[in-house]
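Just below is one structure, and these are the notes that go with it.
Please treat every number below as a calculation from the coordinates, not as lab data. Given the structure is predicted, the values throughout are model-derived calculations rather than measurements. Here the Cβ is made from the backbone with ideal geometry for all residues, glycine too, and neighbour counts use every protein chain on show.
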Amino acid sequence: MFAWARRPVQERQIKLAAFTPSQTIEASGEILGIAIGSAIQAAQKKFDPLRVPTDYTPDAKEISGRRILWRLRETEYEWIMTWAGGDGRITRVRALFRPENAKPFAEIGDLQRAAAVSANMAKWNLRLPGGPNFRLVAQGAERRAQSVYMFALQFPGEPLEGAVPDAEEAD
């Protein structure tokens, strides 16, 4: 069994208030103010005004609102993508930092509480208060995050289906 699988989920209060630069993603439980379990409509309201105009044609999953990609302006992120379950709650969030904004893993979360850390990845197993278990993963090179990814491990009282990335949606 993987060592990270044996490490317990962090049972701490994660603030769901607006993100401030001094907070880490691990401490806030949010990427650009969006948390696992948030309504997909909240993400649309937040990111649609920041969307870079493009001639991109959405696929069926985007048209249905199950998965939405925003290429962003005016943020430290180049893009953010959300996935939602049938109830419209976000089950996954992935974002790519602009190259000049890559962050040290220690600015993503406390490396002492990480389930695993290497030169290319750090991951944390977390829990929202009264909410789902989720995993936060920072990926990059030389301990600097180029992307961050959060996904629900399971919503309370619900099967795991739909929370973990489908094979076709995995990077």
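Structure summary
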| read-out | value |
| --- | --- |
| Global geometry of the stretch 25-154, whether rounded, prolate or oblate, following the gyration tensor of its Cα atoms and the 1.5 cut on a/c | oblate |
| R98 paired with E76, simple spin-label distance in nm, labels 7 Å along Cα-to-beta-carbon | 1.2 nm |
| Extended-chain gain in nm, criterion 0.36 nm per residue less alpha-carbon gap, A116 and Q44 | 22.7 nm |
| Given charges at beta-carbon only (K, R positive; D, E negative), |dipole| of the stretch 96-145 in Debye | 140 debye |
